[in-house]
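The values are calculated or read from the model by the stated rules, or taken from the named source; none is laboratory data. None of the values given here were measured: they were computed from a predicted structure. Virtual Cβ from ideal backbone geometry, glycine too; neighbours counted across all protein chains shown.
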Protein chains: 6
Amino acid sequence: MTARFKRGLYVGRFQPFHRGHSEVVKGLLKKVDELVVVIGSSQKSHELENPFTSGERIEMIRASLDEIGVSPSKHYLIPVPDSQDHSLWVPQVVSSSPFFDVVYSNEPFTRRLFKEAHFTVESIPFFKREIYSATEVRKRMMADEDWRALLPKSVSEIIDRIGGVERLRELEMTDSPLKRVLRNKRK
Amino acid sequence: MTARFKRGLYVGRFQPFHRGHSEVVKGLLKKVDELVVVIGSSQKSHELENPFTSGERIEMIRASLDEIGVSPSKHYLIPVPDSQDHSLWVPQVVSSSPFFDVVYSNEPFTRRLFKEAHFTVESIPFFKREIYSATEVRKRMMADEDWRALLPKSVSEIIDRIGGVERLRELEMTDSPLKRVLRNKRK
Amino acid sequence: MTARFKRGLYVGRFQPFHRGHSEVVKGLLKKVDELVVVIGSSQKSHELENPFTSGERIEMIRASLDEIGVSPSKHYLIPVPDSQDHSLWVPQVVSSSPFFDVVYSNEPFTRRLFKEAHFTVESIPFFKREIYSATEVRKRMMADEDWRALLPKSVSEIIDRIGGVERLRELEMTDSPLKRVLRNKRK
Amino acid sequence: MTARFKRGLYVGRFQPFHRGHSEVVKGLLKKVDELVVVIGSSQKSHELENPFTSGERIEMIRASLDEIGVSPSKHYLIPVPDSQDHSLWVPQVVSSSPFFDVVYSNEPFTRRLFKEAHFTVESIPFFKREIYSATEVRKRMMADEDWRALLPKSVSEIIDRIGGVERLRELEMTDSPLKRVLRNKRK
Amino acid sequence: MTARFKRGLYVGRFQPFHRGHSEVVKGLLKKVDELVVVIGSSQKSHELENPFTSGERIEMIRASLDEIGVSPSKHYLIPVPDSQDHSLWVPQVVSSSPFFDVVYSNEPFTRRLFKEAHFTVESIPFFKREIYSATEVRKRMMADEDWRALLPKSVSEIIDRIGGVERLRELEMTDSPLKRVLRNKRK
Amino acid sequence: MTARFKRGLYVGRFQPFHRGHSEVVKGLLKKVDELVVVIGSSQKSHELENPFTSGERIEMIRASLDEIGVSPSKHYLIPVPDSQDHSLWVPQVVSSSPFFDVVYSNEPFTRRLFKEAHFTVESIPFFKREIYSATEVRKRMMADEDWRALLPKSVSEIIDRIGGVERLRELEMTDSPLKRVLRNKRK
């Protein structure tokens, strides 16, 4: 690994991976040689805020990046589950990932944890965040609005194949206490 | 096991098991030969929404069904804890239960998970759901209203023996943040 | 619960449940009114020493006891997983079981843990232990010897239905380090 | 251990340990010979309601008590993580602590769990609870108000050294769903 | 996904990934369009039989396959930790991986678990297994013999960079009971 | 904390804490101002190689050090459970302990993990290791030989009070497969 080689880390839950995410990856690959994409909360699925399994998300991300011409030789897709003990989350990312030089994140909590572990942390210039957000995608799926416009074509196809919209709507009907709290907040 | 033999699965938290639940079991046993009753969130107890241990719930269910003449030879009581990873919950039920042919549930989340695992899922004709609900039972216990009317006599006796009403009221005085959120919602 | 009512606890792994076990249950039910049968190491399956899931074991035990005329109204079948922290195992049994008065066990470790928790612990008069042992059953299955002679007929039938012998033999071919250690010891 | 020797248990999360806590310890040491101070939710850190690691909290408590002349020979500091299964939390405290005779707590949930396990539970005369509360300390830290007034000098120094105020403020900017719920409640 | 598209699954621990493994991947990619390579026991590292973290192993595999001209667009690298409950391991692989049609494995235990879950399982024609084995690589590392001959050049380079040989030798000096058992067996 | 202040870390399982351990603590306190004593494998107890709970071990260590005049103001006793993922064990120690400058250990595995995390690691001049070893203490307890000679008087008293010898002997009678392996090795 020469001095000029640089590998970055980019963390998200990608529920689902949308056009904003794929633009971020494209943009970061102008700054680094390779990008480690960490699929956070990898153990979660079948929840209103986390409908897709890590396997489904990995398939979506690979296909999306392929669609915009980002070669898989430029990125690693690494699932990392939540850690009960927040102070162990960064060590878990480090142990699960190839070596990396810099962390890209706008999330204050993620930034804080990596900074306390003495990593270089840089901000991400978000691509039209007011339009492209996973929360907005899920909202449109539940409201039967145009969610496809926010997603790479290949992600829409995978969601169709696995019945993702039906899954999300059935989850919404569920009445566990916490889910009700979160649903009410959205209104 | 002849072709005609049929075993059903019925999932609940049973906090506590009430007259509505016992009527459902009686009704389902007209459709199947044996019923596997899964005691969900089995690891939870001593919470406002989950006051009773799985051992206490098993004792309640057995006694209730005995009270209405449902033989223990017709049902299995299987405790299953929550799974951190929702996509592993159905496999956990399968591994913990005798073989079953059909799942009875009205809960959209439970139905969804079993349907994605290719199980036959059927709805339950609830017995007076507006009256018989575990949430209502717990609410009456805390408000010192007539909770006994909703329960089989043997469940009331077990709750008296273990000091269940006192337990629930003391839990209600606790001021952890999430408990406060849930309590406020109830009002 | 009158003063004369007495409930006992009997712990085993039941891999599988054999004629010795069923005789023990029959014998203990002469001393107590009801018996809680704890299915230990419930999370284990598909291992050389633990081939069967807790669901399969529950089905075997129920059918065996039925076969010798022990009514399911006299026993509870309670699965309990191992505890990483041995000092939490007895509390976990207590939380998972209906109330019990006395513990029956010949296993020094189990006896010790219950005695430290101030339970009454009594010994079990084993039924022909030199013949009826689960280790012997599994050995015969692997060596293609007469394992059926040691089992209630209904257990044999369940093992046939789930392909238990084939499962055990394939597990034996596995070469993980610990399994090799244990296999060598058997010789 | 003579008959007169008495060891008490005092449970808190100590996020952070403040002057009210140190007064409680001083007061309880007039009633018992030694005090076991349990640092609850020990696995939590880097959360709005739980900013500090158990190591940081242990350092704070030791220094605080030293500051007011309470010798470390009079107390034990024992970290105990939350238990997924509430009915296992008291056994976990027992297994992690030196033997103790009496539990001091005003928290109804804690009191209830210890009472069900047949411990003697006594109340704590709180020291100016309307002023000294960890929630108030964290609120002042986030609002840039005088949080130092509520803390022993040595705790302030540790918080300065580890950048505790900055940590808390960055955590507050985080927008995970549950954190938003809790933050809104505070207003 | 057209009818002709086919995705295979190949499971290993890859401690480390050697020339035999890379030949297997090359061979399997003649039978399927894409290969999911599951990095088993992903949580393990710094053990005599499992010296490398999943992040290190992922970096090794990617570089090795690149070295022999296998494009990353043809494979997915999916870390999967061990499951305490063996009956949950296949569901965990399924949830962590993109959809797959066929499983390639020679390990009887892995084959058994996938067959019980109704997957198509096929054997792998191993490439000179008597020479290329991860156990042999680790043995040579500890004995200061020519381990490099068994590894792709890029794996040797990564092992040099992370001090892999020194790590393994220091682990060997450790005297925990189980490690001693395994070490003795090797002799 | 002035530049001259120095805090060391010393890791052991202390099953039980013996005269060799107490001499090491005394010796290390000549090199550092304060010592963090990590009680490793804190979750283990009631095992042949790990008979005592972390609470019991903490009580033993405190009393032993008191006995030889080492003030509790010079040391911290920090229980740390094993980590399923070895690469997370050092981060867990860091999160559970007050800040420390140097690690003292002779155990190659512990040394390796701390060195990979960029800690200063120094060796411990052991005090008559051929005589003072916890394995030897447990061996003597089981063989009814003079185990008291190896322990501080206060540790013997605690072991007597909790029935430690009886516990160990009953554990030895247990016939779980792994325990048999370990027992045979001892001979």
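Observations on the model:
- Per-region count, the stretch C:81-101, residues within 11 Å of chain D (Cβ to nearest Cβ), buried (at least 21 other Cβ atoms within 10 Å of the Cβ) and either on the phi > 0 side of the Ramachandran plot or among the small types (G, A, S) (or both): 3
- Filtering the stretch C:9-41 to residues that are in a strand (DSSP E or B) and acidic (D, E) leaves only C:E34.
- Failed criterion for E:Y76 (all others in (1) within 14 Å of chain A (Cβ to nearest Cβ); (2) out of contact with any Pro (no Cβ under 8 Å at 6 or more places or on another chain) hold): (2)
- Residues in the stretch B:118-150 that are of a type in the set (D, E, K, R) and not in a helix (DSSP H, G or I): B:E122, B:K128, B:R129, B:E130, B:D144, B:E145, B:D146.
- On the stretch given as the stretch E:71-100, residues that are of a type outside the set (S, T, Y), outside any loop (DSSP other than H, G, I, E, B) and touching a residue at least 24 places away in the same chain (Cβ under 8 Å) total 10.
- Cβ-Cβ contacts under 9 Å between residues 6 or more apart (or on different chains), taken from a first residue in the stretch F:137-157 that is within 19 Å of F:R13 (Cα to Cα) to a second residue that is surrounded by fewer than 16 Cβ atoms within 10 Å (Cβ to Cβ) and hydrophobic (A, V, I, L, M, F, W, C), are listed as F:R140/F:A149; F:L150/F:I131; F:P152/F:I68.
- Meets criteria (away from chain F (no Cβ under 14 Å) and touching an Asp or Glu at 6+ places or on another chain (Cβ under 6 Å)) for D:K26: no
- Only one of the numbered conditions (1) touching a residue at least 24 places away in the same chain (Cβ under 8 Å); (2) within 11 Å of another protein chain (Cβ to nearest Cβ); (3) in contact with a Pro (Cβ under 6 Å, 6 or more places away or on another chain) is not met by D:E170, and that is (1).
- The residues of the stretch A:101-117 that are out of contact with any strand residue (DSSP E or B) (no Cβ under 7 Å at 6 or more places or on another chain) and assigned to a helix (DSSP H, G or I), listed by number, are A:P108, A:F109, A:R112, A:L113, A:E116.
- Hits in the stretch A:45-73 (condition: closer than 21 Å to D:E47 by Cα and facing another protein chain (nearest Cβ under 7 Å)): A:E49
- Some residue of the stretch B:56-70 being surrounded by fewer than 17 Cβ atoms within 10 Å (Cβ to Cβ) and of a type in the set (A, V, I, L, M, F, W, C): yes
- Considering the stretch D:43-70, the residues that are touching a residue at least 40 places away in the same chain (Cβ under 8 Å) and not in a helix (DSSP H, G or I) include one that is nearest to D:E130 (Cα to Cα), namely D:E49.
- Filtering the stretch C:102-113 to residues that are within 28 Å of B:I78 (Cβ to Cβ) and either buried (at least 22 other Cβ atoms within 10 Å of the Cβ) or at pLDDT below 95 (or both) leaves C:V103, C:Y104, C:S105, C:N106, C:E107, C:F109, C:T110, C:R111, C:L113.
- Criterion (within 12 Å of chain D (Cβ to nearest Cβ), under 16 Å from the mean Cα position of the chain (by Cα) and surrounded by fewer than 22 Cβ atoms within 10 Å (Cβ to Cβ)) met by exactly one of A:S156, A:S133: A:S133
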